[in-house]
Amino acid sequence: MLNKTDRKILKVLQSDASLSRQDMLDATRVSATTLWRRITDLEEAGTIQKRVALLDPVAVGFPVCVFVSIDMKSHDRVDRDSFLDFVRRTPEIMECYSVTGAHDYSLKVRVESVADFEKLLMEQILAHKSVASATSQIALRQHKYSTELPIRAND
């Protein structure tokens, strides 16, 4: 269970993990020893999975964002594992979720062009032995994007 100090640290880190040591201390208002011990504990526990730089997909050449709904031919373990292994090995697939409702999986895909998406869809996704069908939606514009979880640091 996260305590108040943990929540404060996590809120600051997910907002800007590149803060200087002093800025982190000022923002969390804990001692240096406590701060680094808690960060280490949170990393070891897997609460902090990794620290990354968030890139602008358009600026680095991946302006096309597509949401893909996947329907599986079968729901047996071998087919699911095979599909999820394919997902993990495919860098264009940014996110994958098992979902409720009419479809089995929902993917978020980033590619350089619609033609690149068509190739990925036709030659890899639909060609996968476990996939029965896929529907896609191309995002026209992103109105909100956040990686910050709504942690309440003051509770």
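Got a sec? Charge dipole of the chain, +1 on Cβ for Lys and Arg, -1 for Asp and Glu; which of Q22, S74, L126 is way out at the positive end?
Q22
What are the residues whose amide H is under 5 Å from the amide H of M94, where those residues sit 5 or more places off or on another chain and H is modelled from the backbone?
Residues meeting the criterion, in which the H sits 1.01 Å from N, are K108, V109, R110.
What aspartates and glutamates sit close enough to K8 to cross-link, taking a C-alpha to C-alpha distance under 20 Å and skipping anything fewer than 8 places away on the same chain?
Correct list for K8: D16, D23, D26, D41, E43, E44, E148, D155.
Mind telling me which of S31, S82, S133 comes out most flexible in a GNM of the chain, alpha-carbon contacts under 10 Å?
S31
Beyond a 26 Å Cα-Cα separation, which of these cross-linked pairs lie in this structure: K73/K144; K4/K108; K50/K119; K108/K129; K11/K50? Intermediate values should be presented prior to the final figure.
On the way: K73/K144 34 Å; K4/K108 34 Å; K50/K119 32 Å; K108/K129 20 Å; K11/K50 15 Å.
The pairs that break the limit, which is 26 Å between Cα atoms, are K73/K144; K4/K108; K50/K119.
Roughly speaking, what is the stretch gain from E112 to D26, that is 0.36 nm per residue apart minus the C-alpha to C-alpha distance, in nm to one decimal?
Here the answer is 26.9 nm.
Compute the FRET efficiency between Q14 and L140 as 1/(1 + (r/R0)^6), taking r as their Cβ-Cβ distance and R0 = 25 Å, and round to the nearest 0.05.
Once rounded, the FRET efficiency stands at 0.35.
Find how many whole Å separate the alpha carbon centroid of the stretch 93-155 from the alpha carbon centroid of the stretch 21-66.
Between the Cα centres of the stretch 21-66 and the stretch 93-155 lies a distance of 24 Å.
Mind listing the phi-derived Karplus ³J(HN,Hα) values for the stretch 70-84, rounded to whole Hz, using 6.51, -1.76 and 1.60 with θ = phi - 60°, and x for any glycine or proline?
Going residue by residue, I get 10, 10, 8, 6, 9, 10, 6, 4, 4, 5, 4, 4, 4, 5, 5 Hz, with x marking Gly and Pro.
What relative contact order, as a whole-number percentage, does the stretch 1-110 give when Cα pairs under 8 Å and 6 or more residues apart are counted?
Contact order relative to length: 22 percent.
Could you compute Rg(Cα) / (2.2 N^0.38 Å) for the stretch 13-155, with N its residue count?
1.35
So what is the 222 nm mean residue ellipticity for the chain from helices alone, if each DSSP H run of at least 4 adds -39500 (n - 2.57) and you divide by all residues, rounding to the nearest 500 deg cm²/dmol? Mind dumping the intermediate values first?
Numbers: 5 runs with 53 residues, N = 155.
After summing the helix terms and dividing by the residues of the chain, the value is -10000 deg cm²/dmol.
Might you tell me the accessible area per residue for the chain, computed with a 1.4 Å probe and given in Å²?
Per residue, the chain has an accessible area of 68 Å².
Pop the C-beta distance of D76 and H103 into the FRET formula with R0 = 22 Å and round what comes out to the nearest 0.05.
The computed FRET efficiency comes out at 0.80.
The values are calculated or read from the model by the stated rules, or taken from the named source; none is laboratory data. Note that the structure is predicted; figures quoted are calculated from it, not measured. A quick note on method: Cβ atoms are made from the backbone with ideal geometry, for glycine too, and the neighbour counts reach across all protein chains shown. For the accessible areas, the whole protein counts, side chains as well, though only heavy atoms, and no ligand, DNA or RNA atoms are used. Shrake-Rupley method; radii C 1.70, N 1.55, O 1.52, S 1.80 Å.
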